[in-house]
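Notes for the one structure printed next.
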Amino acid sequence: MADTPSPTGSPVAPGTGTDTDTDTDTDLIVIGGGPAGCAAARTAAGVGMRSVLIEPDTLCRNLYRIPVLNNVLGGHTDGPGLADAITAELRSTESCRLELGRRATELRADDRRVTVTLDTDARLTAPYAVVATGVGPLRPHDVPWITAPDGLDLPPLWRADADDAEGRTLLVLGGDRPIGTFLRAHPDTGTRLLVAHPESDNYKMEETRDDPRVTLLPVARLTLHVPKGGGTTAATVGRDGTRRTVTADAAYLSIGSAPTAPPGDLVRGADGYCPPGAQHPRVVVAGDLRSARFQRIMTAMGSGSEAALRAYYAERDLLAGTDIGAGADTGATNA
């Protein structure tokens, strides 16, 4: 009897439906379809490895919200163009099977293989897995320095429309790098940004502190109010104890991100990130999930490629006595 195709086109053993997929023809499972995961799949294909890439959304979805790039090789100057190019390459990679619209709900690793359970209850197995699920946005209630009304849903800064923001003052909570992206994307905008940020964001402000449109508000605490008549008011306590009230036309978030990873056999640090050197030998962490540092498109691609090669060499017992992969293991915890 011929194999019955599953909804994604992969073979499922007759009589088993779609509950299990033993994936005996897969060398590598890649969890996450951002730059790191896509780079891992492409590198795996280059050395003859067959992979399955799991992504609950579209490939490189976060790139589509970056209007201007100035730190990526290859001539791409905007996120959507880069995302389209990566997507086209992955779709043309015959040795990579895409599982789009699927979420990994559990990862288990033993001495022989890695097993990944999907939200459909299907199970995929392979000798190795690359986990590149990245990070998700923080909200005001996720950080101790902000007090905000219950149920308040503020948009991230990257959603701010330049035309609507023209000539207005925006209160930006947090000093994360989308601030620089907004300013580069709209070099002529007359928008004024009041950036309230904790001490831990000081180093991030180095990219934008000299822009005349930015006013830095170093704070220890901030209490946000949204008056019924419109606008935004915030009561701040400076790091020296000075209290002041700040008013703006609207408030946006640029607090930062928190790591996202499937449950199971992943070792997490105190900050929630997954240090590569702490993981099971058959699980390789890549991209932004490694650390709060080095969160760049280029570093994600490099770590994804290295993760696939690490699995390739490990499967052939070529890692012993070498420092291959050491950079990914140790670099994740360095500033």
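The values are calculated or read from the model by the stated rules, or taken from the named source; none is laboratory data. All of these numbers come straight from a predicted model, not from anything done at the bench. Neighbour counts run over all protein chains shown; Cβ positions are idealised from the backbone, glycine included. Quick note on the areas: whole protein, heavy atoms, side chains included, nothing else; ligands and nucleic acids left out. Shrake-Rupley method; radii C 1.70, N 1.55, O 1.52, S 1.80 Å.
Considering only residues of segment 127-178 that are β-branched (V, I, T) and surrounded by fewer than 19 Cβ atoms within 10 Å (Cβ to Cβ), which is farthest from the chain's Cα centre (by Cα)?
We begin by selecting, within segment 127-178, every residue β-branched (V, I, T); these are 130-131, 133, 135, 143, 146-147, 169, 172.
Among the residues that remain, those that are also surrounded by fewer than 19 Cβ atoms within 10 Å (Cβ to Cβ) are: 143, 147, 169.
Numbers: V143: 19, T147: 26, T169: 29 Å.
Once the filter is applied, the top-ranked residue is T169.
If you check L69 against the conditions, is it touching a Gly at 6+ places or on another chain (Cβ under 7 Å) and either in a helix (DSSP H, G or I) or modelled with pLDDT of 95 or more (or both)? Please lay out each step first, then the result.
On the way: touching a Gly at 6+ places or on another chain (Cβ under 7 Å): yes; either in a helix (DSSP H, G or I) or modelled with pLDDT of 95 or more (or both): no.
The answer is no for L69.
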Filter pass, A109 being touching a strand residue (DSSP E or B) at 6+ places or on another chain (Cβ under 6 Å) and either closer than 29 Å to D271 by Cα or touching a residue at least 12 places away in the same chain (Cβ under 8 Å) (or both): yes
Count - residues of segment 254-281 that are open to solvent by 40 Å² or more (accessible area, probe 1.4 Å), in contact (Cβ under 8 Å) with a residue 24 or more places away in the chain and not in a loop (DSSP other than H, G, I, E, B): 2
Single condition G229 does not satisfy, out of (1) surrounded by 17 or more Cβ atoms within 10 Å (Cβ to Cβ); (2) more than 29 Å from the chain's Cα centre (by Cα): (1)
Criterion (surrounded by fewer than 15 Cβ atoms within 10 Å (Cβ to Cβ) and touching a residue at least 40 places away in the same chain (Cβ under 8 Å)) met by exactly one of N62, N70: N70
Unmet criterion (only one of (1) among the basic types (K, R); (2) open to solvent by 70 Å² or more (accessible area, probe 1.4 Å); (3) at pLDDT 90 or above) for R290: (2)
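Could you tell me which residue of segment 236-246 is surrounded by the most Cβ atoms within 10 Å (Cβ to Cβ), considering only residues that are without any contact (Cβ under 8 Å) to a residue 40 or more places away in the chain and not in a loop (DSSP other than H, G, I, E, B)? Break it down stepwise before answering.
At the first step, the residues of segment 236-246 found to be without any contact (Cβ under 8 Å) to a residue 40 or more places away in the chain are 237-238, 240-245.
Within this subset, residues satisfying the condition of being not in a loop (DSSP other than H, G, I, E, B) are 237-238, 243-245.
Values: V237: 15, G238: 13, R243: 9, R244: 11, T245: 10.
Per the criteria, the residue is V237.
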Condition met for G48 (open to solvent by 10 Å² or more (accessible area, probe 1.4 Å), among the small types (G, A, S) and modelled with pLDDT of 95 or more): yes
Unmet requirement for V284, which otherwise passes all of (1) open to solvent by 30 Å² or more (accessible area, probe 1.4 Å); (2) in contact (Cβ under 8 Å) with a residue 12 or more places away in the chain; (3) of a type in the set (A, V, I, L, M): (1)
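Mind checking which residues of segment 112-142 are more than 30 Å from S254 (Cα to Cα), among the hydrophobic types (A, V, I, L, M, F, W, C) and not in a strand (DSSP E or B)? Break it down into steps so the answer makes sense when it comes.
Applying the first criterion (more than 30 Å from S254 (Cα to Cα)) to segment 112-142 yields 112-129.
Narrowing the set further to residues that are among the hydrophobic types (A, V, I, L, M, F, W, C) leaves 114, 116, 118, 122, 124, 126, 129.
A122, the sole residue that qualifies.
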Residue under evaluation H76, criteria (1) modelled with pLDDT of 95 or more; (2) touching a helix residue (DSSP H, G or I) at 6+ places or on another chain (Cβ under 6 Å); (3) open to solvent by 40 Å² or more (accessible area, probe 1.4 Å), criterion not met: (1)
Cross-chain or 6+ apart pairs with Cβ under 7 Å, segment 179-192 first and closer than 19 Å to S257 by Cβ, then of a type outside the set (A, V, I, L, M): I179/T208; I179/S254; G180/E207; G180/T208; T181/W158; F182/W158
Within segment 143-177, tally of residues that are part of a loop (DSSP other than H, G, I, E, B) and within 30 Å of T43 (Cβ to Cβ): 2
Evaluation of M298 against (1) crowded, with 18+ Cβ neighbours inside 10 Å; (2) touching a residue at least 40 places away in the same chain (Cβ under 8 Å); (3) under 30 Å from S51 (Cα atoms) (one fails), failing number: (1)
